[in-house]
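The structure appears right after this line, and notes come after that.
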């Protein structure tokens, strides 16, 4: 990876040779080891939250690694992203997800999204927007670069060990005073375990990996999950194949409009969990599913009527508990045949690289004070918990930078 901003990622050795007369922030102690780079802040992830943080760092006078003269700048930052191109997780979304059916994509600070048609694919529109944003504010995102681990160097700094995805030998260790972690959830889909799962003869896949509904049109489909991804997938599949919807809790339909007040209330509920050190929980658990006209039609047609969780998986389908279902679910046959089981069961925060910092508490989550980790104020988590929405991500990026400015400006 070339930390000077050039495109030759394998030329990491050259990155350790500063130009004559410049105060170097780069060094290589061991020719066979990684390049060491000193920066003030590392931003991990270039989705909505990471780009928002980069914008606010630029506004605060920080220079991005790769911009002219960054080695001599008073304060510096780098944005690291594992994806091959701009767009965050949006670049991986199915082409069937249009801007009209996606959750609202809020404008990033300083640059509005162009007017788009409802039928435009989100996987094209949002990456185009993010690419324009990176260029407009000279964020110089380093990609595709994977963060392997973040640790404490014992002298007050964090070490962020990385390697280039296409050139694993190109390794860089960034030594930073602060970290904005915006690694999101897309790389960590959640797969629950159920009896008989290994014996199923059909296909099992996570909802994130369904590209076109026609791929599943060769036999009955069981969709597991109570969120909007499950609902949207069921509506796409229903004209093509027989479907069965299965949820762990009865569907949380809500009549309320998603006003700013309702959004703040939902965010506050998630913030209560993260403030107590509990895992954030799903967005739907806090907001419910809005009853749109399309969803009302799906309920009336019987497509969006859920059954409770099955008891076990068998080679040709799933088996439900005997007897009538609890309140909130519909009844059906005890055995349901399936060619496919789709797990629309959400994601977990991709935080494995932070494990050396030992941030998780007894409750299984990370105790948060807004965006900063209560146990280590050098670490800001954005796109986590209450900021795991596009509008929340924008605010979190601003808050994270403000927190780090206080930390960097503190005496001593």
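The values are calculated or read from the model by the stated rules, or taken from the named source; none is laboratory data. All of these numbers come straight from a predicted model, not from anything done at the bench. Cβ atoms come from the backbone with ideal geometry, glycine included; neighbour counts cover every protein chain shown.
Just checking, how many residues over segment 204-215 are in contact with a helix residue (DSSP H, G or I) (Cβ under 6 Å, 6 or more places away or on another chain) and either over 13 Å from residue 190 (Cβ atoms) or not in a helix (DSSP H, G or I) (or both)?
Going residue by residue through segment 204-215, those that are in contact with a helix residue (DSSP H, G or I) (Cβ under 6 Å, 6 or more places away or on another chain) are 207, 213.
Keeping just the survivors that are either over 13 Å from residue 190 (Cβ atoms) or not in a helix (DSSP H, G or I) (or both) gives 213.
Qualifying residue count, segment 204-215: 1.
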Touching a residue at least 12 places away in the same chain (Cβ under 8 Å), touching a helix residue (DSSP H, G or I) at 6+ places or on another chain (Cβ under 8 Å) and more than 30 Å from residue 300 (Cα to Cα): does that describe residue 145?
-> no
So residue 363, is it within 23 Å of residue 39 (Cβ to Cβ), at pLDDT below 95, exposed (fewer than 15 other Cβ atoms within 10 Å of the Cβ) and out of contact with any strand residue (DSSP E or B) (no Cβ under 8 Å at 6 or more places or on another chain) = no
For residue 133, state whether it is farther than 15 Å from residue 183 by Cα, in contact (Cβ under 8 Å) with a residue 12 or more places away in the chain, in contact with a helix residue (DSSP H, G or I) (Cβ under 7 Å, 6 or more places away or on another chain) and outside any loop (DSSP other than H, G, I, E, B).
-> yes
Just for segment 27-59: of the residues that are under 25 Å from the mean Cα position of the chain (by Cα) and surrounded by fewer than 24 Cβ atoms within 10 Å (Cβ to Cβ), which one is farthest from residue 160 (Cα to Cα)?
-> 59
